[in-house]
Amino acid sequence: MTDDRRSHFRDAGTDMRTAADVPETPQTLSPSYRLAFTDGDFLAREDLRPVRLQLELLKFQLLLDEHEVNSTIVLFGGARIPEPAEKEGAKTRTLADLSHFYDEARKFARLMTRKSLASGNRDYVVVTGGGPGVMEAGNRGAADEGGVSIGLNIVLPHEQAPNAYVTPDLAFNFHYFAIRKMHFLMRARAICVFPGGFGTLDELFEALTLIQTGRMDRLPILLFGRQFWETIVNWDALADAGTISRADLDLFRFVETAEEAAAQIEEWHPEPARSDIPGR
C-alpha cells in the first residue's frame, strides 16, 4: 500500500508498534490502557456494532479499490455439489447427478476470466462465497486461466477455510451476512446461480427482490439448470396467484451451459432500475 497520507501527525501503525513495546507494568497490562482500535475485546462489545458494520463495509470496498476491480461476475451455488470425479461419494443420487454443474461453473469462470484478463483483472472478476462445491469450481476456473478471483467467506459454527483457489489477497471473511450480501451485488455485472440449498436460494431471491422493487439496476440473472429450478420453485404458480407479476418472470433466464451463459452476458444491454412494480 502506498503512503498517501496528508497529515503531519504520527500514523496509527507507528503508534501500534510503539505501544506494543512499552514496559509491562500493572498499568500498561490493564485492558483500559490498550489503544481502542487494537482492543479486540472492546471492539466486540455490543455497543460497538455500528463500528463493526462500518469496518466490514469499508475493508472490502477499500481493498477492491486498491486492486482496481471495477466489476464482478457473481457465482452462487451449492457447497455440497461434488466435482464429477468424486460424485460416487455424494450423499444423494441427485447431488451426484448435479455434479456436471461443477464442470459448467468451472468452465464458465474460465470464460469470464479470459475477459477479465483482457481488462487487466479490472472487470468480469469472478466472485464466489469462497467455500466448496460450485464456489470452489468458480474460483478454480479463474485459477485455471491464471486470473484472480474473490472469495467472500463468512464465519460459521463449524470451522471452514476458503477453498484453495481463491486469490489470497482477495480472500475475505465476514461476520455480518448483510454486509457480505451488499458486497456480492454492489459491483456485479451478472449474477449466475447454480443449483443449491438455502444459502443459494437466499442470495437468488434477495437479488430478484432488489431488482423487482427498483432498488437495483437490471442485471442478467442466469439460472443454470432449468429442470432443477422448475422442480423446486413453481414460478408460474406465483404469477398465477398474483403474488408476483407475470412480467417478473422476465427478470431471470435459464441456461444450461457455460457458453450459453457467456453469450447472454455478451448480448446484454444495460437497463436502468424499474421506476414502478408491474401488477401493483
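Residue check: is MET216 of a type outside the set (Lys, Arg) and exposed (fewer than 15 other Cβ atoms within 10 Å of the Cβ)?
no
How about segment 48-63: which of its residues are under 21 Å from ALA190 (Cβ atoms) and either free of Cβ contacts under 8 Å to residues at least 60 places away in the same chain or buried (at least 16 other Cβ atoms within 10 Å of the Cβ) (or both)?
Keep residues of segment 48-63 that are under 21 Å from ALA190 (Cβ atoms), which gives 60-61.
Passing the criteria: only PHE60.
Being in the same structural domain as SER116 (by TED's automatic domain parsing), touching a Pro at 6+ places or on another chain (Cβ under 7 Å) and surrounded by 11 or more Cβ atoms within 10 Å (Cβ to Cβ), is that true of even one residue in segment 64-76?
No, because not a single residue in segment 64-76 is in the same structural domain as SER116 (by TED's automatic domain parsing), touching a Pro at 6+ places or on another chain (Cβ under 7 Å) and surrounded by 11 or more Cβ atoms within 10 Å (Cβ to Cβ).
Any residue in segment 121-139 that is more than 19 Å from PRO162 (Cα to Cα) and out of contact with any Lys or Arg (no Cβ under 8 Å at 6 or more places or on another chain)? Outline the logic, then answer.
Our first condition is that a residue be more than 19 Å from PRO162 (Cα to Cα); within segment 121-139, this holds for 121-124.
From the residues that got through so far, the ones that are out of contact with any Lys or Arg (no Cβ under 8 Å at 6 or more places or on another chain) too are 121-122.
Checked segment 121-139: at least one residue is more than 19 Å from PRO162 (Cα to Cα) and out of contact with any Lys or Arg (no Cβ under 8 Å at 6 or more places or on another chain).
Within segment 124-135, work out how many residues are in contact with a strand residue (DSSP E or B) (Cβ under 8 Å, 6 or more places away or on another chain), without any contact (Cβ under 8 Å) to a residue 60 or more places away in the chain and not in a strand (DSSP E or B).
Result for segment 124-135: 2.
Exactly one condition in (1) farther than 17 Å from VAL255 by Cβ; (2) acidic (Asp, Glu); (3) surrounded by 18 or more Cβ atoms within 10 Å (Cβ to Cβ) is not met by GLU104; state its number.
For GLU104, the failing item is (1).
Identify, by number, the condition in (1) in contact with a Cys (Cβ under 8 Å, 6 or more places away or on another chain); (2) farther than 24 Å from ILE191 by Cβ that ARG34 doesn't meet.
In the conditions (1) in contact with a Cys (Cβ under 8 Å, 6 or more places away or on another chain); (2) farther than 24 Å from ILE191 by Cβ, ARG34 misses (1) alone.
Mind listing whichever residues of segment 64-122 are assigned to a helix (DSSP H, G or I), of a type in the set (Val, Ile, Thr) and without any contact (Cβ under 8 Å) to a residue 12 or more places away in the chain?
Of everything in segment 64-122, just one residue is assigned to a helix (DSSP H, G or I), of a type in the set (Val, Ile, Thr) and without any contact (Cβ under 8 Å) to a residue 12 or more places away in the chain, namely THR94.
Quick check on ALA79: is it aliphatic (A, V, I, L, M), crowded, with 21+ Cβ neighbours inside 10 Å, closer than 19 Å to ALA171 by Cα and in the same structural domain as ASN153 (by TED's automatic domain parsing)?
The answer is no for ALA79.
Against the definition (farther than 30 Å from MET135 by Cβ, at pLDDT below 95 and over 25 Å from the mean Cα position of the chain (by Cα)), how does ARG10 come out, yes or no?
yes
Is it true that some residue in segment 26-44 is aromatic (Phe, Trp, Tyr), surrounded by 11 or more Cβ atoms within 10 Å (Cβ to Cβ) and touching a Lys or Arg at 6+ places or on another chain (Cβ under 8 Å)?
Among the residues of segment 26-44, at least one is aromatic (Phe, Trp, Tyr), surrounded by 11 or more Cβ atoms within 10 Å (Cβ to Cβ) and touching a Lys or Arg at 6+ places or on another chain (Cβ under 8 Å), which makes the answer yes.
So ARG122 ticks every box in (1) buried (at least 24 other Cβ atoms within 10 Å of the Cβ); (2) touching an Asp or Glu at 6+ places or on another chain (Cβ under 6 Å) but one. Which box is left unticked?
So ARG122 meets the others, but not (1).
Evaluate segment 194-205: report whether one residue or more is of a type in the set (Ser, Thr, Tyr) and crowded, with 18+ Cβ neighbours inside 10 Å. Give the derivation first.
To start, the set of residues in segment 194-205 that are of a type in the set (Ser, Thr, Tyr) comprises 200.
When the remaining residues are screened for being crowded, with 18+ Cβ neighbours inside 10 Å, the result is 200.
Looking for residues that are of a type in the set (Ser, Thr, Tyr) and crowded, with 18+ Cβ neighbours inside 10 Å, one finds at least one in segment 194-205, hence yes.
Can you tell me which of ASP65, ASP15, ASP21 is closer than 28 Å to PRO168 by Cα, of a type in the set (Asp, Glu) and at pLDDT below 95?
On the way: ASP65 fails: at pLDDT below 95; ASP21 fails: closer than 28 Å to PRO168 by Cα.
Among ASP65, ASP15, ASP21, only ASP15 is closer than 28 Å to PRO168 by Cα, of a type in the set (Asp, Glu) and at pLDDT below 95.
The values are calculated or read from the model by the stated rules, or taken from the named source; none is laboratory data. Not measured: the values here are computed from a predicted model. Every residue, glycine among them, receives a Cβ derived from its backbone with ideal geometry; neighbour counts consider all protein chains shown.
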